[in-house]
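To start, the structure itself, in structure tokens.
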Amino acid sequence: MNLIKDEWKIVVFYEMKPYWQGTEALIAYTTSLEQICSHIHEQCNSILLQLRHGVTELEYYNQLFLTNQFREREPRQRVRRGLINAIGNIAGDLFGVLDERFAQQYKRDIGLIQANQKHITSLWKNQTSLIEAENNLLKRAEIAMNQQHKILNQHLVALEKATNTLKEDVQRNMVLNNFAIGAIIASNMMNNLRTMQNTLLDTITDIYHGRISLHLLTPAQISDELSTISSQLSKDVALPIDNVHSDLSKIYDLLTVKTRMLEDYVMFEIRLPLISRDKFEIFKVVPIPKYQDGNMITLVLVSDYISINIRKDSYISMTENDIKQCLVLSTTYYCHSRKPEYQMKEGDNLCQMGTSGCKTIIEPCSNHWIESYAINTYLYFCCNVCNVRTICTEDMKAHQLKGAGLINIGQGCLLRTDKLTIYPYKVHSSEIKISPDLYAPTIAPINDVINITLPQWSDGNKSYLDQDTEQIGNRIHTLMQEEQVLAEAEDVSYHDIHHYVMIYIIIGIIAITGVIFVIRRVHCRWQVPQVAVEADSSTTPPLPSMRRLATIRRQDQSERIEMQAS
């Protein structure tokens, strides 16, 4: 036995806002389908009937959710019986009951957390505004191009297929298609809402039956939560399982859950028992009477059941009612006990002590048969001699029992006395192998259902555009042939180049002679002023003004020479 000392409270909030939004969207979709159905009564009445029935079922089970919690669009069905929640608040303070004040406090906490999350989200959006702007620009460009492409294709298809005689049929088909698509969407939405609703109903039903559903806390969530709890526990308590990973399936049988429906949330309060690190073993104490002068003397015990720790130094008295309230997991009991632990020493008795020793009860002697914890094992007490018979198939034997002792009855046998018959307990088993009966239909190829072959068009049905294109192609081919003929004609040379060779040679000789003459003349004129300047510099240095005049004259002479040369 494991002694439960404390509890860890886990509060789970299931947000109902998406569920209510989906329900309102389904009602709006059904209303729009009713408007479409005004044009096609014979095709859509049966479908709308099913959708209305599904919406009615959802509304009915929504009332089960809300019970005494109501939305704004629904009238109250139950009024508060007091002006203040005094009884609920006192019960919550004393026993930890989930009262109105506790629920409102959690509701405010959730609102504050959501506000913080929205603020953090806004900061994150501001950080990524540039990337989003670029991404949105690319998306808008892509959407615009796709829309233009789609519009172009729609116009082409409309120009090819639209005729005056088929307008009414096309419009009717469009209405039917829109209704069919809308009905499929509404049906899928209703199925999703019904699945969510059934999950919540099953979860709440399991809670009222003392079980917890896997939809409420998944194994991954409960594993993370147990790891967090284990790191924060004190040294005197521990988790009720040894290994979080291998024994995770056992924890669901030990959890106790309470639920409460709010306007926007379903609140679940999960309690996880925390056990003592000391292990106990439960014993049923059976006093063995003593025969004396036609009477039997029986000790008065401290309790019918006791739990002794492994060290055998302390025990806790228990009753049969305490045992029934324990949580049983396989062969281990998890019991709540607020009773004191008594110290056990050597020589101590488990009887109620009086002034002179253990208290006793003296009664007229009678034979007793008490069932033991072991299967098919009984504790007997006989005042004098008990004559019993054991019958095994075709064999029967007689026995005499004296005093007190244990007797085991084998399988296939029974024990009979003059007043009673004891039948053994036997387990019978059998095996049944089953498999799912799933029908897999065979779908024919698409060519057998729809004719997708393309028609062969004759040459006589060509459009004017094709004819014009063909004529233009023929003209281009003709022009290409003419250009080839012109290219061949251009290869013929009608110029006699050898007539101009002598003229080009004479002009070249004259030009070379003129250039040589000009160069020699310029060279001679340049040497005469240079000699005069050297003679003047040997006598007296020229004045600055004379140097400037000489420079100007040289420039004038050089310009004249260039003009003559040109």
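The values are calculated or read from the model by the stated rules, or taken from the named source; none is laboratory data. Given the structure is predicted, the values throughout are model-derived calculations rather than measurements. Neighbour counts run over all protein chains shown; Cβ positions are idealised from the backbone, glycine included.
Would it be correct to say that ILE47 is more than 30 Å from MET261 (Cβ to Cβ) and β-branched (Val, Ile, Thr)? In short, yes. Within the range 397-440, take every residue that is within 55 Å of the chain's Cα centre (by Cα) and among the hydroxyl-bearing types (Ser, Thr, Tyr) and give me the one that is surrounded by the most Cβ atoms within 10 Å (Cβ to Cβ). Once the filter is applied, the top-ranked residue is TYR425. Just one of the listed residues (TYR315, TYR333) is of a type in the set (Ser, Thr, Tyr) and within 18 Å of ASP6 (Cβ to Cβ), and it is TYR333. Can you find a residue that is surrounded by 15 or more Cβ atoms within 10 Å (Cβ to Cβ), hydrophobic (A, V, I, L, M, F, W, C), on the phi < 0 side of the Ramachandran plot and touching a strand residue (DSSP E or B) at 6+ places or on another chain (Cβ under 8 Å) anywhere in the range 242-250? For the range 242-250, residues surrounded by 15 or more Cβ atoms within 10 Å (Cβ to Cβ), hydrophobic (A, V, I, L, M, F, W, C), on the phi < 0 side of the Ramachandran plot and touching a strand residue (DSSP E or B) at 6+ places or on another chain (Cβ under 8 Å): absent. On the basis of being at pLDDT 80 or above and over 30 Å from LEU48 (Cβ atoms), does ALA162 make the cut? For ALA162, the condition - at pLDDT 80 or above and over 30 Å from LEU48 (Cβ atoms) - is not met. Being modelled with pLDDT of 85 or more, out of contact with any Gly (no Cβ under 9 Å at 6 or more places or on another chain) and more than 30 Å from GLN292 (Cβ to Cβ) holds for only one residue in CYS386, CYS392, CYS326, and it is CYS326. What about THR30, is it at pLDDT 75 or above and surrounded by fewer than 11 Cβ atoms within 10 Å (Cβ to Cβ)? Here the answer is no, as THR30 does not meet what is asked. Within the range 171-191, the set of residues being of a type in the set (S, T, N, Q) and exposed (fewer than 13 other Cβ atoms within 10 Å of the Cβ) comprises GLN171, ASN173, ASN177, ASN188, ASN191. Do the conditions hold for MET296, that is, is it crowded, with 18+ Cβ neighbours inside 10 Å, at pLDDT 80 or above, within 30 Å of ASN349 (Cβ to Cβ) and not aromatic (Phe, Trp, Tyr)? For MET296, the condition - crowded, with 18+ Cβ neighbours inside 10 Å, at pLDDT 80 or above, within 30 Å of ASN349 (Cβ to Cβ) and not aromatic (Phe, Trp, Tyr) - is met. Candidates are the residues of the range 242-292 that are without any contact (Cβ under 8 Å) to a residue 12 or more places away in the chain and assigned to a loop (DSSP other than H, G, I, E, B); the one that is nearest to LYS312 (Cα to Cα) is ASP242.
Yes/no matrix, rows are residues, columns are (1) in contact (Cβ under 8 Å) with a residue 60 or more places away in the chain; (2) under 22 Å from ASN62 (Cα atoms); (3) assigned to a loop (DSSP other than H, G, I, E, B); (4) in the same structural domain as LEU58 (by TED's automatic domain parsing):
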position	(1), (2), (3), (4)
ILE184	no, no, no, yes
MET189	yes, yes, no, yes
GLN197	yes, yes, no, yes
LEU200	yes, yes, no, yes
THR205	no, yes, no, yes
GLN221	no, no, no, no
ASP224	no, no, no, no
SER230	no, no, no, no
LEU233	no, no, yes, no
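Looking only at residues of the range 352-390 that are in a strand (DSSP E or B) and under 60 Å from the mean Cα position of the chain (by Cα), we find that the one that is farthest from ILE308 (Cα to Cα) is TRP369.
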